[in-house]
Amino acid sequence: MSSRNEHILIIRFSALGDVAMLVPVVHALATQYPQLRITVLSRGFARAFFDGLAPNVGFMETDQKKEFNGITGLNALYRRLKAKHFTAIADMHGVLRTHYLRMRFHLDRFHVAHIDKHRAGKRKLTKSSGKRMVQQPTSFENYAEVLSRLGYPIRLEFNSIFPSTGGNLRLLDPGFQEKKTFEKWIGVAPFAAHQGKVLPPETTKTVIQMLLQKHPNAHLFLFGGGKKEREYFSQWCEEMPRCRDASALLHGLHEELILMSHLDVMVSMDSANQHLASLVGTPVVSVWGATHPYTGFLGWGQTLDNVVQVDLPCRPCSIYGNKPCARGDWACLKAITPEMVVERVEYVLDHR
């Protein structure tokens with residue numbers, strides 16, 4: 001049991017999916033150590049995850065590109081953090097910026113622990129020959145291990161950032177405020193940051209058409225940002241009236257999370273959206289191309305049963321999907337058919 005004066009700083013600056021995967025761990029820590037004060041240091045977008053997560057969880061926003069850029073900025077950030085008198089520091093990021101902060105904390109005799117990303121095991125997964133297809137520790141386990149070394153072992157238990165009834169739809173625009181009992185609400189997040197994780201758009205369009213045909217009372221919501229995505233979303237929504245661009249119509253991450261909490265299923269690439277849906281207890285049919293769930297990035301509470309992927313000797317070739325295709329044809333993605341995705345969606349809907 002922690003004492004009231006114990007105060008842990010948890011550092012994870014980016015990326016969106018990795019910060020989202022921190023939420024179940026912070027929630028478990030907060031509920032299992034209610035006397036412990038917890039501060040999460042991250043970029044502004046993460047406030048939607050941690051504000052209101054638990055009474056003993058606070059959030060500090062940092063801007064690494066402006067206010068705290070470079071060594072001068074990191075020194076300023078360190079002085080600001082040191083003044084908070086933390087009793088433990090958890091570096092959940094493990095990059096140059098946090099290495100530097102960690103060094104400063106070490107020199108001042110703070111209790112510090114940092115993440116082990118198990119890079120050696122992941123390299124063996126992605127070797128061009130002699131692969132070792134072994135499940136790597138999940139990010140949740142890696143985060144929890146840092147806390148354990150600081151003296152806070154936890155049980156990984158978490159359901160949703162919202163109550164069991166979901167987020168408050170009344171906070172959204174009128175067009176999103178009512179879900180009829182006979183309707184299916186289906187989410188599709190068809191894009192990702194890297195080509196190695198994105199289905200061909202024509203495949204995704206066919207998936208959407210098939211789902212709307214199978215479910216005449218369904219509404220399908222598209223999630224994602226960026227100019228290219230907007231163009232595809234606009235075209236698909238114009239052609240299919242029950243298809244809506246949720247990311248364009250809603251106002252920010254918190255509203256997207258509310259809507260996701262009322263979906264019957266989310267279809268997502270190996271991207272941040274699978275983690276966002278996981279945080280609100282929504283089942284996810286996740287699609288994997290150049291990457292693989294064995295890398296440890298499957299969403300919280302999701303199972304391999306709902307993963308769509310094809311077995312190829314070259315898979316996985318990348319941890320993040322950011323490498324060029326060695327074959328030159330992206331077979332890992334093009335071999336995934338609309339029927340494969342829809343079959344998994346139907347399975348989830350039948351078992352809700």
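The values are calculated or read from the model by the stated rules, or taken from the named source; none is laboratory data. Here the structure is a predicted model, which is why all the values come from computation and not from measurement. Using ideal geometry, Cβ is built from the backbone for each residue, glycine included, and neighbour counts are taken over all protein chains shown. Calculation scope for accessible area: heavy atoms of the full protein, side chains included, ligands and nucleic acids excluded. Shrake-Rupley method; radii C 1.70, N 1.55, O 1.52, S 1.80 Å.
With a cut-off of 8 Å between alpha carbons and a minimum separation of six or more residues, what is the relative contact order of segment 280-352 in percent? List each step's numbers first, then the result.
Working: 64 pairs, mean separation 28.6, N = 73.
It comes to 39 percent, rounded to a whole number.
Based on a Kirkwood Rh over C-alpha pairs, give the Stokes-Einstein translational diffusion coefficient of segment 64-121 at 37 °C and viscosity 0.692 mPa s in µm²/s. Don't jump to the answer; show the numbers that get you there.
Numbers: Rh = 12.1 Å.
In µm²/s, the coefficient is 271.
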Farthest positive-ward along segment 173-306 dipole, Cα basis, beta-carbon charges - from Ser234, Phe297, Val198: Val198
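Using the crude model of +1 on Lys and Arg Cβ and -1 on Asp and Glu Cβ, and no other charge, please compute the dipole size for segment 89-192 relative to its Cα centre, in debye to 20.
Values: 18 positive and 9 negative charges, 136 e Å.
Approximately 660 debye in magnitude.
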Length-normalised contact order for the chain - Cα pairs under 8 Å, 6+ apart - percent: 17 percent
Estimated vicinal HN-Hα couplings, Hz - segment 308-322 in sequence order (Karplus 6.51, -1.76, 1.60; Gly, Pro = x): 10, 7, 10, 7, 9, x, 8, 8, x, 9, 8, 7, 10, x, 9
Cα lying deepest toward the dipole's positive end in segment 1-122, options Pro34, Thr62, His7, charges on Cβ: Thr62
Of all accessible heavy-atom area on the chain, the percent that carbon and sulfur account for (1.4 Å): 50 percent
For Val40, distant residues with modelled amide H under 5 Å away: Ile10, Gly58, Phe59, Met60
Over 24 Å [Cα-Cα, segment 1-132], rounded percent: 33 percent
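Please work out whether segment 302-349 counts as rounded, prolate or oblate from its C-alpha gyration tensor, where a ≥ b ≥ c are the square roots of the eigenvalues and a/c under 1.5 means rounded, while otherwise a/b larger than b/c means prolate and anything else oblate? Present the calculation step by step, with values, prior to reporting the outcome.
On the way: a/c = 2.87, a/b = 1.88, b/c = 1.53.
Verdict is prolate for segment 302-349.
Would you mind getting me the FRET efficiency between Ala331 and Arg155? Use the beta-carbon distance for r and R0 = 45 Å, nearest 0.05.
Efficiency computed from Cβ-Cβ geometry: 0.65.
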Relative contact order (%) - criterion: Cα under 8 Å, at least six apart; region: segment 284-323: 58 percent
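Residue separation times 0.36 nm, minus the C-alpha to C-alpha distance between Met240 and Asn69: what's the value? Don't skip to the end; give the middle numbers.
On the way: separation 171, 0.36 × 171 = 61.56 nm, distance 4.53 nm.
In short, 57.0 nm is gained.
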Linear extension gain, Lys117 paired with Asn168, 0.36 nm per residue minus alpha-carbon span: 14.7 nm
Cα coordinate range in the chain, projected on the principal axes (Å, largest first): 62, 53, 37
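If each residue of separation counts as 0.36 nm, what is the full-extension length gain between Glu231 and His254 once their alpha-carbon separation is subtracted? Can you show the working numbers first?
On the way: separation 23, 0.36 × 23 = 8.28 nm, distance 2.36 nm.
Between Glu231 and His254, full extension yields an extra 5.9 nm.
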Probe 1.4 Å, protein heavy atoms only - accessible area per residue of the chain in square angstrom: 46 Å²
Cα-based convex hull, segment 1-71, per residue volume (Å³, whole number): 89 Å³
Calculated FRET value between Glu202 and Gln32, using beta carbons and R₀ = 51 Å, to 0.05: 0.60
